[in-house]
Amino acid sequence: MRLVGLTGGIASGKSTISNLFKASGIPVVDADIVARNVVQKGTGGWKKIVEAFGNDVLLENGEIDRARLGQIVFSDPEKRQVLNRVSEHILFESITGYPSLFSVGWITHSYLDASVIVLDIPLLFETKMDQWTHLLLLCGCNATTQIERLMSRDGCSEEQARNRINAQLALDWKKSQADIVIDNSGTLDETKEKFQEVLRNVSEPLTWKERLRSRDGLFSVVGFLEEWMDIVVGCDSWMQASLEHSAAVSNPLQVFADDCSEMQRIAEHY
């Protein structure tokens, strides 16, 4: 299974790409929906946000006022850092490893047959969720288009739009971290044309590591483990020989370290 991280600057066309993936039959996990679930009233995430920002960010029904919280963090860089740290902590409490992506609902059992799953995460880098993905896609557009789209979408002023864009990590830095950059500055038809190339790249045959994470790969795990056990048995004999060798020389730790490095190289080959 290949986990593709999809992110981008605000109003950069990420939702368009996300919808194109869905239309192509590739499952998409929307992190915004997951985020709403983990900060519902009474949850651990809800308590952490209230502890950090107080009752001023609550609606009358006790739920988080996302609009109010957004106003606070977009106008105050320090508060924004606080929210990023809280968000990161909440997500990492929910997801402590690859199998947990299933247990917390990020990936459901209906996705088990999928060879590719897209994780649509607006703050992919800010919350350090990029470490869970195998391929990073970044959506971007030129600054003028981004401002115009944001003003039109949210009904905000140009100054407000610029402040919200500047509140995010620099797009140039994100581009340097991405495997594929999609420029959405043009028309929808142009974006669709570019998406076809992205789809081909994303749909390339899985690596052996990715295949082991898929349902089909489970059938080959037994054979893989049998082969690996042969290696482990060989390692045991090698370890004993290495210890005997290192005990007979003047610098045993260095000899043992060199032998370990060589064994690691052999293991990585498999």
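For the reader, a short list of remarks on this structure follows.
Yes or no, residue by residue, for (1) more than 30 Å from K192 (Cα to Cα); (2) out of contact with any Cys (no Cβ under 6 Å at 6 or more places or on another chain); (3) among the hydroxyl-bearing types (S, T, Y); (4) at pLDDT 95 or above:
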position	(1), (2), (3), (4)
N19	no, yes, no, yes
V28	no, yes, no, no
D32	no, yes, no, no
K41	yes, yes, no, no
K47	yes, yes, no, no
V57	yes, yes, no, no
E60	yes, yes, no, no
L69	yes, yes, no, no
F74	yes, yes, no, no
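- Within segment 3-21, the set of residues being closer than 16 Å to T144 by Cβ and not hydroxyl-bearing (S, T, Y) comprises G9, I10, A11, G13.
- Scanning segment 50-85 for residues that are touching a residue at least 40 places away in the same chain (Cβ under 8 Å) and either farther than 20 Å from L169 by Cβ or surrounded by 14 or more Cβ atoms within 10 Å (Cβ to Cβ) (or both) yields V73, F74, R80, N84.
- When segment 108-164 is limited to residues that are part of a loop (DSSP other than H, G, I, E, B) and without any contact (Cβ under 8 Å) to a residue 60 or more places away in the chain, the one that is surrounded by the fewest Cβ atoms within 10 Å (Cβ to Cβ) turns out to be G155.
The values are calculated or read from the model by the stated rules, or taken from the named source; none is laboratory data. Note that the coordinates shown come from a computational prediction; the quantities given were computed from them, not determined experimentally. All Cβ positions, even for glycine, are placed from backbone atoms using ideal geometry, and neighbour counts span all protein chains on display.
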